[in-house]
Amino acid sequence: MGRVPLLLAMLLCAPAFAVDPGPDPVPSVMWEFYRQQWLMDAPYQFDARVRVIAPPFAEDARQVPLQVDARALPGTVQRILVWAELNPLPKIVDFQPGPQVLPWLAVRIRIEQATALRAAVLTDDGIWHVGSTLIDAAGGGCTAPSVVRSEAGWEERLGQVLGARFPREDFSRLRLEVSHPMDNGLVGGVPEFYIEHAELRDAQGQVLATLELFPAVSENPNLSFDLRRAEALRLSLRDNNGNTFDAAID
Amino acid sequence: MRALLLVMLVVSLPSQADLEYRLAPRQVAPDTYVFEGSTENFSRANGGNIVNTGFIVTEAGVVVIDTGPSLRYGRAMRQAIGLVTDKPVVQVLLTHHHPDHALGSQAFADVPIAALSATRELLGEEGDALAENLYRLVGDWMRGTQVRLPDQALEPGVRVFGSHSLRLMAFSGHSGADLAILDERTGVLFAGDLLFYQRALTTPHSPGLAVWRKQLEQLQATPWQVLVAGHGPVARDAKPFVQMLDYLGWLDGLLRESAQAGLEMNEVIATPIPPRFAAISLTRYELIRSVSHLYPQYEQAVMARVDR
Ligand SMILES: [Zn+2]
């Protein structure tokens, strides 16, 4: 092997060798598979500074509260990718907080069985920091019949948004709940019908954060964000059928 | 072959013997007995014997209150009752539809089983799923257990068995349909799961904590002398009511204040439990469950429509 190709090979591989992933705190058979699929060959490390917080067990597997907190990481967070490893549809969200939004998120999710929950957080040095936890469950959250669809008049409420902001000492919390069945295509022949994209903008239309949602997010998605300033906000949502919904929070 | 069979029998005996509830009735008033369960969670060790059931020996026969978590438990009850009296069991009263109280009813298939009509409906709708969950939690103790629906609908009022006038009171705070039974002769109040003592209350079917509190106050005002909670020790003073109202008030306040402060569920779940509740078992576990059952109502109350 000549010197140049060797150098190239070293350069290409350098990031992967530069980081020792360390031991997986919640070993799971699907980790390697999803790492290759979503993080590909990017360097990563299991990192306790990324806190993935869920109850020890799912009381309601259709509505499991999940919090991801990457505020303890140094550097700038570019992306937060969250998944439930043993779900038939594992992906939960792909969150890109801008500088005005803290690397923190709360959402409620479906889980089909006891599983590892992962949040891979990409910082601006190109390294994925992976936080993990385990949750126990009797299961069935992904294949249980829709509660929303059993309620009269749900179609009229489609896209309604409840919201409120809550002051904190040095930031402002935004909480939202959107009326939507978030059908995942696994239940009773109902095809996939879910909100797939959300954007937060400031009053001037500047994008503050984007969030891709996947059908592991529970029906009537419940979302919380922390923003550095309590400024006026616009929220826009789009589902996979092309419906768009807008909201404004002053 | 016979020797081998014998060996197999001997070997299999201990595991069968392990699955015995060993129910011992405790007399709490004249003619009145309670089978007091533990304040633990369901487990394969306890077979779901975490519940209080009871019976009253009247001149007209035995009235049974709740049938326990499994067919095996119901049979054990009957056997234990038979050691106390020769009188036949003439009536079963179910306080509510939860599996730990109502799944032993198959053992009383020859006896009229009565419950509030809403209890019958709830047991019909949810009984199989609740039974399945209990199989998962306690395993083989449940073998052969199936939902048996009540065959009589109860109205609030007084029913007389021999010299015992039982005042039947219909509430909803714990499960959506909760029967409380006051024996006017002895003053024993079988409160069902409207009352928990030294064991954290459970909320999977509660219409709301405010409703429950109001009903507990009504129940406390009745002329009881002995309190049989659905879970926890029998008492002769108001301590179970005091503890329960205190706990309900704390839980209601916690959920309301958390929603007003914009906490997400995991933050509420992590709240410290006040030290005064240290003697109550399973508080953290039930807080996790109650947040899941009840917090959405509190959240929605502090949010407003923002869609345009
Ligand atoms: Zn109950």
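So residue A:29 ticks every box in (1) open to solvent by 40 Å² or more (accessible area, probe 1.4 Å); (2) of a type in the set (Val, Ile, Thr); (3) within 14 Å of chain B (Cβ to nearest Cβ) but one. Which box is left unticked?
(3)
Just a yes or no: is a residue in the range A:88-96 more than 14 Å from chain B (Cβ to nearest Cβ) and closer than 12 Å to residue A:108 by Cβ? Talk me through it step by step, then tell me what you get.
Looking only at the range A:88-96, we keep the residues that are more than 14 Å from chain B (Cβ to nearest Cβ), and these are A:88-96.
Next, from what is left, pick out any that are closer than 12 Å to residue A:108 by Cβ: A:92-93.
Yes.
Restricting attention to the range B:138-153, report how many residues are of a type in the set (S, T, N, Q) and either at pLDDT below 95 or under 23 Å from residue B:44 (Cα atoms) (or both). Lay out the reasoning, then the answer.
Here is the first cut: in the range B:138-153, the ones of a type in the set (S, T, N, Q) are B:145-146, B:152.
Right, trim to either at pLDDT below 95 or under 23 Å from residue B:44 (Cα atoms) (or both) and you get B:145-146.
The total comes to 2.
Which numbered condition trips up residue B:285, out of (1) open to solvent by 10 Å² or more (accessible area, probe 1.4 Å); (2) without any contact (Cβ under 8 Å) to a residue 60 or more places away in the chain; (3) within 14 Å of chain A (Cβ to nearest Cβ)?
Condition (2) is where residue B:285 drops out.
How do the pairs read when you match residues in the range B:212-240 that are within 14 Å of another protein chain (Cβ to nearest Cβ) and open to solvent by 10 Å² or more (accessible area, probe 1.4 Å) with residues anywhere that are away from the ligand (no atom under 16 Å from the Cβ) and among the hydroxyl-bearing types (Ser, Thr, Tyr), using Cβ under 9 Å and keeping only pairs 6 or more apart or on different chains?
none
If residue B:174 satisfies every condition in (1) within 16 Å of the ligand (Cβ to nearest atom); (2) buried (at least 24 other Cβ atoms within 10 Å of the Cβ); (3) assigned to a helix (DSSP H, G or I); (4) not acidic (Asp, Glu) but one, which is the exception?
The number of the failed condition is (3).
Can you name the condition, by its number, that residue B:125 falls short on among (1) within 16 Å of the ligand (Cβ to nearest atom); (2) open to solvent by less than 50 Å² (accessible area, probe 1.4 Å); (3) not aromatic (Phe, Trp, Tyr)?
Checking residue B:125 against (1) within 16 Å of the ligand (Cβ to nearest atom); (2) open to solvent by less than 50 Å² (accessible area, probe 1.4 Å); (3) not aromatic (Phe, Trp, Tyr), the one that fails is (2).
For the range A:32-70, name all the residues that are open to solvent by 30 Å² or more (accessible area, probe 1.4 Å), in contact (Cβ under 8 Å) with a residue 12 or more places away in the chain and within 14 Å of another protein chain (Cβ to nearest Cβ).
A:51, A:53, A:56, A:57, A:60, A:62, A:63
Scan the range A:151-166 for residues that are facing chain B (nearest Cβ under 10 Å) and assigned to a loop (DSSP other than H, G, I, E, B) and jot them down.
A:159, A:160 - these are the residues of the range A:151-166 that are facing chain B (nearest Cβ under 10 Å) and assigned to a loop (DSSP other than H, G, I, E, B).
Can you confirm whether the range B:243-254 contains a residue that is more than 19 Å from residue B:102 (Cβ to Cβ) and polar (S, T, N, Q)?
Within the range B:243-254, the first condition is being more than 19 Å from residue B:102 (Cβ to Cβ), and the residues that meet it are B:243-254.
Within this subset, residues satisfying the condition of being polar (S, T, N, Q) are B:243.
Yes: the range B:243-254 contains one or more residues that are more than 19 Å from residue B:102 (Cβ to Cβ) and polar (S, T, N, Q).
Residue B:169 is checked against (1) part of a strand (DSSP E or B); (2) aliphatic (A, V, I, L, M); (3) within 14 Å of the ligand (Cβ to nearest atom) and fails just one. What number does that condition carry?
(3)
Go through the range A:201-249 residue by residue and tally those that are touching a Lys or Arg at 6+ places or on another chain (Cβ under 7 Å), assigned to a strand (DSSP E or B), more than 12 Å from chain B (Cβ to nearest Cβ) and open to solvent by less than 30 Å² (accessible area, probe 1.4 Å).
Total satisfying the criteria: 1.
Test residue B:159 against the stated conditions and say whether it is in a strand (DSSP E or B), open to solvent by 30 Å² or more (accessible area, probe 1.4 Å) and either within 23 Å of residue B:59 (Cα to Cα) or within 16 Å of the ligand (Cβ to nearest atom) (or both).
Details: in a strand (DSSP E or B): yes; open to solvent by 30 Å² or more (accessible area, probe 1.4 Å): yes; either within 23 Å of residue B:59 (Cα to Cα) or within 16 Å of the ligand (Cβ to nearest atom) (or both): yes.
Yes, satisfied.
Could you list all residues from the range B:53-79 that are open to solvent by less than 10 Å² (accessible area, probe 1.4 Å) and not β-branched (Val, Ile, Thr)?
Let us first name the residues in the range B:53-79 that are open to solvent by less than 10 Å² (accessible area, probe 1.4 Å), namely B:53-56, B:58, B:61-70, B:73-74, B:77.
Correct list: B:54, B:55, B:61, B:66, B:68, B:69, B:70, B:73, B:74, B:77.
Look at residue B:94 and say whether it is within 16 Å of the ligand (Cβ to nearest atom) and more than 14 Å from chain A (Cβ to nearest Cβ).
Values: within 16 Å of the ligand (Cβ to nearest atom): yes; more than 14 Å from chain A (Cβ to nearest Cβ): yes.
So residue B:94 fits the description; yes.
For the range B:289-302, indicate whether the set of residues that are away from every other protein chain (no Cβ under 14 Å), open to solvent by 40 Å² or more (accessible area, probe 1.4 Å) and over 22 Å from residue A:56 (Cβ atoms) is non-empty. Write out each step before concluding.
So in the range B:289-302, the residues away from every other protein chain (no Cβ under 14 Å) come out as none.
No, the range B:289-302 has no match at all.
With (1) under 14 Å from residue B:103 (Cα atoms); (2) more than 16 Å from the ligand (Cβ to nearest atom); (3) within 14 Å of chain A (Cβ to nearest Cβ) as the list, and residue B:143 as the residue in question, which single condition is left unmet?
(3)
Filter the range A:171-200 down to the residues that are in contact (Cβ under 8 Å) with a residue 12 or more places away in the chain, in a loop (DSSP other than H, G, I, E, B) and either away from chain B (no Cβ under 14 Å) or open to solvent by 10 Å² or more (accessible area, probe 1.4 Å) (or both) and list them by number.
Of all residues in the range A:171-200, those in contact (Cβ under 8 Å) with a residue 12 or more places away in the chain come to A:171-188, A:190, A:192-200.
Next, from what is left, pick out any that are in a loop (DSSP other than H, G, I, E, B): A:171, A:179-182, A:184-188, A:190, A:192, A:194.
Across the range A:171-200, the qualifying residues are A:171, A:179, A:181, A:182, A:184, A:185, A:186, A:187, A:188, A:190, A:192, A:194.
Give the residue that is nearest to the ligand (Cβ to nearest atom), with candidates limited to residues of the range B:191-207 that are more than 14 Å from chain A (Cβ to nearest Cβ) and open to solvent by 10 Å² or more (accessible area, probe 1.4 Å). It would help to see each step written out before you state the result.
Step one: list which residues in the range B:191-207 are more than 14 Å from chain A (Cβ to nearest Cβ), which gives B:191-199, B:201, B:207.
Now narrow it down to the ones that are open to solvent by 10 Å² or more (accessible area, probe 1.4 Å): B:197-199, B:207.
Working: B:197: 14, B:198: 16, B:199: 11, B:207: 14 Å.
Taking the candidates together, the pick is B:199.
The values are calculated or read from the model by the stated rules, or taken from the named source; none is laboratory data. These figures come from a predicted structure and were not determined experimentally. Note that each Cβ is placed from the backbone with ideal geometry, even for glycine, and that neighbours are counted across all protein chains shown. Accessible surface areas use protein heavy atoms only, side chains included; no ligands, DNA or RNA. Shrake-Rupley method; radii C 1.70, N 1.55, O 1.52, S 1.80 Å.
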